[in-house]
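**Q** Quick one: this structure, given as structure tokens, is what I'll be asking you about.
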Amino acid sequence: MQSLFSFAAEHLGGLACRGRARLLRRVQAHLLVSHDTLIRVQYPFMMDCSEKRKSVCVELRQLEYFMAVAEELHFGRAAERLHISQPPLTTHIKRLEAEIRVKLFDRTTRKVSLTMPGTVLYDQLRPVLRDLYEAVAEAHSAGKGHGGLLRVGFTSSANYALLPRAVRSFRVARPNVRLDLLPLTTAEQINALVRGELDLGILRDPSPNALLRFSHAVTESLVAVFPDDHYLAYRDYVEAHELIDLPMILFPFSTMPGFVTTVLSVFLNESRAPEIVQEAVHQETIMGLVASGMGFSILSNSISYTHVHGTRAVPLFPAKQTSLIVAEPVGAEVATVDKFVACLEETKANEG
């Protein structure tokens, strides 16, 4: 909003300069808006061939009063429109004229009209005030959770079922909120949430973090994924001891530490874990590498919502579970976050 007032200030400064000295130079204006709605404008001011700096203080209320008189061209009607009496209105207009040192209105007993400087101020101020009011309304709407920007990170596996349905529901409920969806690993989301670069994250098996508030989204079973011509691909289930001699494809530990730990815990009762022959950041890449015959992987059963040609998923026995977790910064109060979480809860309930 400061930039909007800066734009207005530039024209006020330029207007005053032209009114005083007809200076043909660009006015460099700087503006500060304080809590009491005072606008402070500083501009180069030429007078008596010596340069001085003049500070102008204009109340937002005075500009609104000026606009009312400029549109009504009648002080009585403008006062009625503003719900004030005429003498205070006249006083504020005189103060505005004295402050910016130009005459804004020609007044007679029968007629009120804008001067040339008044016309310039009206034409320049009208879009500025419109933008200001719109900015205030949008800020209010965002504070109520009906507008603004919501930044949501998600792991790739959340994008198969949970996220698309929640996003659809959220867009219906909050059509004026701009939703920025960012596919990120769990580690990337945690860093972004802590730095304030995300409002919400959907993580896979995150470790506890004192700076974040976690809530459960959905629990899924792990499945082993094989090339469709693998000898284990058509089994009803597979056990850990049948997998330890097979080449494995998995996420890097640094990007998905909780999930990788969950996967490797499948082999806690075995003498060793399978050899990891390839790491990949994205689940879609892992599926493609499995289809190529490079090895097998263990992923969440959310992959059942999509099909990668050349792969088959087989349940593990005994079953092992993984969870999607919703995370948001501790102490953050973003109204749109609550609504998005409610949409996630609704999606989970409908699927359950």
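The values are calculated or read from the model by the stated rules, or taken from the named source; none is laboratory data. It should be emphasised that the depicted structure is a prediction, and the values quoted were computed from it without experimental measurement. With ideal geometry, Cβ positions are generated from the backbone for all residues, glycine too; neighbour counts draw on all protein chains shown.
**Q** Exactly one of these conditions fails for residue 202: (1) in a loop (DSSP other than H, G, I, E, B); (2) touching a residue at least 12 places away in the same chain (Cβ under 8 Å). Give me its number.
**A** Only one criterion is unmet by residue 202, namely (1).
**Q** Looking only at the range 61-102, count how many residues are touching a residue at least 60 places away in the same chain (Cβ under 8 Å) and either under 22 Å from residue 130 (Cβ atoms) or basic (Lys, Arg) (or both).
**A** At the first step, the residues of the range 61-102 found to be touching a residue at least 60 places away in the same chain (Cβ under 8 Å) are 63-64, 67, 100-102.
Then drop every residue that is not either under 22 Å from residue 130 (Cβ atoms) or basic (Lys, Arg) (or both), which leaves 63-64, 67, 100-101.
Of the residues in the range 61-102, 5 are touching a residue at least 60 places away in the same chain (Cβ under 8 Å) and either under 22 Å from residue 130 (Cβ atoms) or basic (Lys, Arg) (or both).
**Q** Against the condition over 17 Å from residue 337 (Cα atoms), under 17 Å from the mean Cα position of the chain (by Cα) and modelled with pLDDT under 95, how does residue 173 come out, does it pass?
**A** No; evaluated as a whole, the condition is false for this residue.
**Q** Still on this structure, I have one more. If you check 297, 323, 304, which single one turns out to be out of contact with any Pro (no Cβ under 8 Å at 6 or more places or on another chain) and not in a strand (DSSP E or B)? Don't jump to the end; show me each part of the working.
**A** Working: 297 fails: not in a strand (DSSP E or B); 323 fails: not in a strand (DSSP E or B).
Going through 297, 323, 304 in turn, the sole match is 304.
**Q** Within the range 165-181, can you find the residues that are under 24 Å from residue 349 (Cα atoms) and surrounded by fewer than 17 Cβ atoms within 10 Å (Cβ to Cβ)?
**A** Listed by number, the residues that qualify are 165, 168, 171, 172, 173, 175, 179, 181.
**Q** Also: Which residues, counting only those in the range 270-311, are within 18 Å of residue 257 (Cβ to Cβ) and aliphatic (A, V, I, L, M)?
**A** Residues satisfying the conditions are 273, 276, 280, 281, 286, 298, 299.
**Q** Let me ask you something else. Which ones in the range 191-208 are at negative phi, more than 17 Å from the chain's Cα centre (by Cα) and modelled with pLDDT of 95 or more?
**A** Taking the range 191-208 and keeping what is at negative phi, we get 191-195, 197-204, 206-208.
So of that shortlist, the ones also more than 17 Å from the chain's Cα centre (by Cα) come out as 203-204, 206-208.
Of everything in the range 191-208, those that are at negative phi, more than 17 Å from the chain's Cα centre (by Cα) and modelled with pLDDT of 95 or more turn out to be 203, 204, 206.
**Q** Another question, if that's okay. Starting from the range 141-159, keep only residues that are surrounded by 20 or more Cβ atoms within 10 Å (Cβ to Cβ) and at pLDDT 95 or above, then list their pairs with residues that are among the aromatic types (Phe, Trp, Tyr) and not in a loop (DSSP other than H, G, I, E, B) whose Cβ atoms are within a distance under 8 Å, requiring at least 6 positions of separation or different chains.
**A** Once the first residue is surrounded by 20 or more Cβ atoms within 10 Å (Cβ to Cβ) and at pLDDT 95 or above and sits in the range 141-159, its partners that are among the aromatic types (Phe, Trp, Tyr) and not in a loop (DSSP other than H, G, I, E, B) give 152/340.
**Q** If a residue must be without any contact (Cβ under 8 Å) to a residue 24 or more places away in the chain and either in contact with a strand residue (DSSP E or B) (Cβ under 8 Å, 6 or more places away or on another chain) or at positive phi (or both), how many such residues does the range 225-265 contain?
**A** 1
**Q** I would also like to ask the following. Mind counting the residues in the range 93-141 that are among the small types (Gly, Ala, Ser) and over 39 Å from the mean Cα position of the chain (by Cα)?
**A** So the first thing to find is which residues in the range 93-141 are among the small types (Gly, Ala, Ser), and the list is 98, 113, 118, 135, 137, 139, 141.
Adding the requirement that they be over 39 Å from the mean Cα position of the chain (by Cα) leaves 98, 113, 118.
The qualifying residues number 3.
**Q** Find the residue count for the range 184-202, including only residues that are in contact with a Gly (Cβ under 8 Å, 6 or more places away or on another chain) and within 16 Å of residue 256 (Cβ to Cβ). Talk me through it step by step, then tell me what you get.
**A** Going residue by residue through the range 184-202, those that are in contact with a Gly (Cβ under 8 Å, 6 or more places away or on another chain) are 184, 186, 188-190, 192-193, 198, 200-202.
Then keep just the ones that are within 16 Å of residue 256 (Cβ to Cβ); that gives 184, 186, 188-190, 192-193, 201-202.
Of the residues in that region, 9 qualify.
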